[in-house]
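K.L.:
Dumping the structure here so I can ask a few things about it.
The values are calculated or read from the model by the stated rules, or taken from the named source; none is laboratory data. As the structure is a computational prediction, the values presented were derived from the model and not from experiment. Cβ atoms come from the backbone with ideal geometry, glycine included; neighbour counts cover every protein chain shown.
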Amino acid sequence: MKEERGGFTGTFGAITASVGSAVGLGNVWKFPYELGENGGAGFLLIYIICVLLIGIPFMLSEFIVGRRTRLSAVGSFKSLTDKNSKWYLIGVLGVLSAFLIISFYIVIAGWTLHYLYLSISNAFEAVDSVAVNAIYDGFISGYFIPIFWAFLFVVITATVVISGVGNGIERWSKFLMPLLFLLLVGMCIRSLTLPNASLGLHFLFDVKFEDITFKTVISALGQSAFSLSLGMCCLLTYSSYMKKSDNLIKTSIWIVAIDTIVALMAAVMIFPAVFSFGVEPAAGPSLVFKTLPIVFGSMPYGAFFSALFFILLSIAALTSTISLMEIVVSYIIEEWKLSRKKSVLIASSAIFIFGTICSLSLSGIGIFELFGIPLFNVFNNLTTNYMLPIGGIGILLFVGWKMKIIDIKDELSSGGQYKIKFFNLFIWLVRVVIPVMIVLVYIF
Ligand code: TRP
């Protein structure tokens, strides 16, 4: 059974695959627009606090359960508890969240493909913010084209997921992520040298404490879980493929560091340009798509860099959709006892149907709304701001109160191979501090 599941080839493979899951549209698309909607620097500050204080213990908790049991979302909780216990519902919630997230995620992933196509056809040459708005509005109100791109993205994801974990996922993540990173560095430099770039930096780094509201805190908390792929047993599932000799603590620190740096770079790339070109910082999900084309349009060799950028962003999105689909698929394989092929087919069909609904809900036709809010936004906010934190509390409480201390220590130290520092801090953060903090935020 264990052999059949395959696995990563070592710590490096495990880290790159997990980074591949974490780094994605969450960093480059969602983080900047959440930051823009929530007033900038205050959001950034709370975000960093959430990542450091909550992100690392949270990720370790998922790793502990996943690698201990070598099972996925639902099976892992079942195998660690008695027959009548309800803890496995955390896993069920996780699978459901994964399904909802991937349904809206593939829509945006499809947009990146369309923007890649536009870059290649040189559509961004010397555009201004009016032209970019027109391009965006024209694209989104055509019903069929966004759905076509989303469909293509589902097919690509399914193709990789069918070939299994070690084979597909790891190979993809390994060398394309560094390339994206390099390109981001270049884009940051470009953005910082635009006229009035400093306005963007003020927006990013001048914290005004009076502007921090509970909505800021909830959004930052949810975004940190979303960006780190936490709260729905995604990294739990990945860690079930890790080796016993992999150092979980080191792995988690690497993932958190890289993911946060990429998000910060995305913000430094976007906001100077937003202010320089007069784009609305609170534009919402369309922000990146309304800003970057102007930057590229004003650059020498803009079409080339723009194409390269959207290729790499699509790949970053792909390594994330792979991880999201893998949760749903491994659930179907283990719980419904179906073959990988059949499971992928079922999962991708359902994802495509929900993706279509999400896409249409944004196109302005007025159906697929809940209380006047497009279902895209409903899924997006419901999962990020509620389902992930709630799933997260479940996982933390499970590790903190249900698992045996000796087992937790055994996993964290890989059976005594590595020293664990700060164990008491870790266990009390997991048991009390973080769950209480999250609950308090929601009560207020
Ligand atoms: N973290 C990914 C991103 O930033 C998205 C993602 C992949 C995710 N797997 C997840 C989000 C699991 C939440 C949970 O783009």
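Residue by residue, here is whether (1) touching a Lys or Arg at 6+ places or on another chain (Cβ under 6 Å); (2) within 30 Å of residue 435 (Cα to Cα); (3) among the aliphatic types (A, V, I, L, M) holds:
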site	(1), (2), (3)
228	no, yes, yes
250	no, yes, no
260	no, yes, no
270	no, no, yes
277	no, no, no
291	no, no, no
294	no, no, yes
311	no, no, yes
321	no, yes, no
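K.L.:
Still on this structure, I have one more. Is region 13-20 home to any residue that is surrounded by fewer than 19 Cβ atoms within 10 Å (Cβ to Cβ) and either touching a residue at least 60 places away in the same chain (Cβ under 8 Å) or not in a helix (DSSP H, G or I) (or both)?
P.N.:
no
K.L.:
Quick one: in region 189-235, which of the residues that are closer than 30 Å to residue 94 by Cβ and of a type in the set (S, T, N, Q) is farthest from the chain's Cα centre (by Cα)?
P.N.:
By that ranking, first place goes to 213.
K.L.:
Can I ask one more? If we scan region 121-139, do we find a residue that is in a helix (DSSP H, G or I), under 29 Å from residue 367 (Cβ atoms) and modelled with pLDDT under 90?
P.N.:
Checking region 121-139: not a single residue is in a helix (DSSP H, G or I), under 29 Å from residue 367 (Cβ atoms) and modelled with pLDDT under 90.
K.L.:
Something else now. Check whether at least one residue in region 72-82 is of a type in the set (Lys, Arg), part of a loop (DSSP other than H, G, I, E, B) and surrounded by fewer than 24 Cβ atoms within 10 Å (Cβ to Cβ), and report yes or no.
P.N.:
Looking for residues that are of a type in the set (Lys, Arg), part of a loop (DSSP other than H, G, I, E, B) and surrounded by fewer than 24 Cβ atoms within 10 Å (Cβ to Cβ), one finds none in region 72-82, hence no.
K.L.:
Taking the conditions exactly as written (outside any loop (DSSP other than H, G, I, E, B) and without any contact (Cβ under 8 Å) to a residue 40 or more places away in the chain), does residue 349 satisfy them or not?
P.N.:
Working: outside any loop (DSSP other than H, G, I, E, B): yes; without any contact (Cβ under 8 Å) to a residue 40 or more places away in the chain: yes.
Taking the combined requirement at face value, the residue satisfies it.
K.L.:
Of all the residues that make up region 301-321, how many are of a type in the set (Val, Ile, Thr) and either surrounded by fewer than 24 Cβ atoms within 10 Å (Cβ to Cβ) or away from the ligand (no atom under 16 Å from the Cβ) (or both)? I'd like the intermediate steps shown before the answer.
P.N.:
Initial filter on region 301-321 (of a type in the set (Val, Ile, Thr)): 311, 315, 319, 321.
Then keep just the ones that are either surrounded by fewer than 24 Cβ atoms within 10 Å (Cβ to Cβ) or away from the ligand (no atom under 16 Å from the Cβ) (or both); that gives 311, 315.
The number of residues fulfilling the criteria is 2.
K.L.:
Which one of these is within 19 Å of residue 382 (Cα to Cα), touching a Cys at 6+ places or on another chain (Cβ under 9 Å) and surrounded by fewer than 22 Cβ atoms within 10 Å (Cβ to Cβ): 89, 93? Before the answer, list the steps.
P.N.:
Values: 89 fails: touching a Cys at 6+ places or on another chain (Cβ under 9 Å).
Every option except 93 fails the conditions.
K.L.:
Would you be able to tell me the number of residues in region 61-117 that are over 18 Å from the mean Cα position of the chain (by Cα) and of a type in the set (Val, Ile, Thr)?
P.N.:
Total meeting the criteria: 7.
K.L.:
Let me ask another. Could you tell me which numbered condition residue 272 fails, if it satisfies all but one of (1) within 16 Å of the ligand (Cβ to nearest atom); (2) in contact with a Gly (Cβ under 6 Å, 6 or more places away or on another chain); (3) assigned to a helix (DSSP H, G or I)?
P.N.:
Only one criterion is unmet by residue 272, namely (1).
K.L.:
If you take the residues in region 15-54 that are of a type in the set (Phe, Trp, Tyr) and within 11 Å of the ligand (Cβ to nearest atom), which one is nearest to residue 249 (Cα to Cα)?
P.N.:
Here is the first cut: in region 15-54, the ones of a type in the set (Phe, Trp, Tyr) are 29, 31, 33, 43, 47.
If we keep only those that are within 11 Å of the ligand (Cβ to nearest atom) too, we end up with 29, 31.
Working: 29: 28, 31: 25 Å.
The selected residue is 31.
K.L.:
Now, a different point. Which residue pairs have Cβ atoms under 6 Å apart, sit 6 or more places apart or on different chains, and have a first residue in region 78-105 that is away from the ligand (no atom under 13 Å from the Cβ) and a second that is β-branched (Val, Ile, Thr) and not in a helix (DSSP H, G or I)?
P.N.:
Once the first residue is away from the ligand (no atom under 13 Å from the Cβ) and sits in region 78-105, its partners that are β-branched (Val, Ile, Thr) and not in a helix (DSSP H, G or I) give 87/81.
K.L.:
Looking only at region 370-419, which residues are outside any helix (DSSP H, G or I), surrounded by 14 or more Cβ atoms within 10 Å (Cβ to Cβ) and of a type outside the set (Phe, Trp, Tyr)?
P.N.:
Taking region 370-419 first, the residues outside any helix (DSSP H, G or I) are 370-374, 403-404, 413-419.
So of that shortlist, the ones also surrounded by 14 or more Cβ atoms within 10 Å (Cβ to Cβ) come out as 374, 403, 413-414, 418.
Those that are outside any helix (DSSP H, G or I), surrounded by 14 or more Cβ atoms within 10 Å (Cβ to Cβ) and of a type outside the set (Phe, Trp, Tyr): 374, 403, 413, 414.
K.L.:
Starting from residues that are over 17 Å from the mean Cα position of the chain (by Cα) and closer than 24 Å to residue 314 by Cβ, keep the ones in region 250-271 and report whichever is surrounded by the most Cβ atoms within 10 Å (Cβ to Cβ).
P.N.:
Of the residues in region 250-271, the ones over 17 Å from the mean Cα position of the chain (by Cα) are 250-251, 268-271.
From the residues that got through so far, the ones that are closer than 24 Å to residue 314 by Cβ too are 268-271.
On the way: 268: 23, 269: 27, 270: 29, 271: 27.
My answer is 270.
K.L.:
Which residues, taken from region 220-264, are among the charged types (D, E, K, R) and in a helix (DSSP H, G or I)? Before the answer, list the steps.
P.N.:
Taking region 220-264 as the starting set, the residues that turn out to be among the charged types (D, E, K, R) are 243-244, 246, 250, 259.
Correct list: 250, 259.
K.L.:
Got a number for residues in region 222-265 being in contact with a helix residue (DSSP H, G or I) (Cβ under 8 Å, 6 or more places away or on another chain), among the β-branched types (Val, Ile, Thr) and within 14 Å of the ligand (Cβ to nearest atom)?
P.N.:
6
K.L.:
Let me ask something additional. From the list 53, 96, 44, pick out the single residue that is of a type outside the set (Lys, Arg), assigned to a helix (DSSP H, G or I), closer than 30 Å to residue 199 by Cβ and out of contact with any Pro (no Cβ under 9 Å at 6 or more places or on another chain).
P.N.:
Numbers: 53 fails: closer than 30 Å to residue 199 by Cβ; 96 fails: closer than 30 Å to residue 199 by Cβ.
One residue alone meets the criteria, 44.
K.L.:
If you don't mind, there's one more thing I want to ask. Return yes when residue 288 is assigned to a helix (DSSP H, G or I), within 16 Å of the ligand (Cβ to nearest atom), closer than 20 Å to residue 176 by Cβ and touching a Phe, Trp or Tyr at 6+ places or on another chain (Cβ under 6 Å) and no when it is not. Give the steps one after another, and end with the answer.
P.N.:
Values: assigned to a helix (DSSP H, G or I): yes; within 16 Å of the ligand (Cβ to nearest atom): yes; closer than 20 Å to residue 176 by Cβ: yes; touching a Phe, Trp or Tyr at 6+ places or on another chain (Cβ under 6 Å): yes.
For residue 288, the condition - assigned to a helix (DSSP H, G or I), within 16 Å of the ligand (Cβ to nearest atom), closer than 20 Å to residue 176 by Cβ and touching a Phe, Trp or Tyr at 6+ places or on another chain (Cβ under 6 Å) - is met.
K.L.:
List the pairs whose first member sits in region 173-192 and is farther than 19 Å from residue 277 by Cα, whose second member is of a type in the set (S, T, N, Q), and whose Cβ atoms are under 7 Å apart, counting only residues at least 6 apart or on separate chains?
P.N.:
Cβ pairs passing all conditions: 173/16; 173/319; 174/16; 177/16.
K.L.:
Right, another one. Condition test on residue 302, is it over 29 Å from residue 176 (Cα atoms) and either among the small types (Gly, Ala, Ser) or in contact with a Leu (Cβ under 7 Å, 6 or more places away or on another chain) (or both)? Steps first, please.
P.N.:
Details: over 29 Å from residue 176 (Cα atoms): no; either among the small types (Gly, Ala, Ser) or in contact with a Leu (Cβ under 7 Å, 6 or more places away or on another chain) (or both): yes.
When the stated conditions are applied, residue 302 does not pass them.
K.L.:
Here's a follow-up. List every residue pair whose Cβ atoms lie under 6 Å apart, where the two residues are 6 or more positions apart in sequence or sit on different chains, the first residue falls within region 235-246 and is farther than 16 Å from residue 76 by Cβ, and the second residue, located anywhere, is outside any helix (DSSP H, G or I).
P.N.:
Note: pairs meeting the criteria are 245/414.
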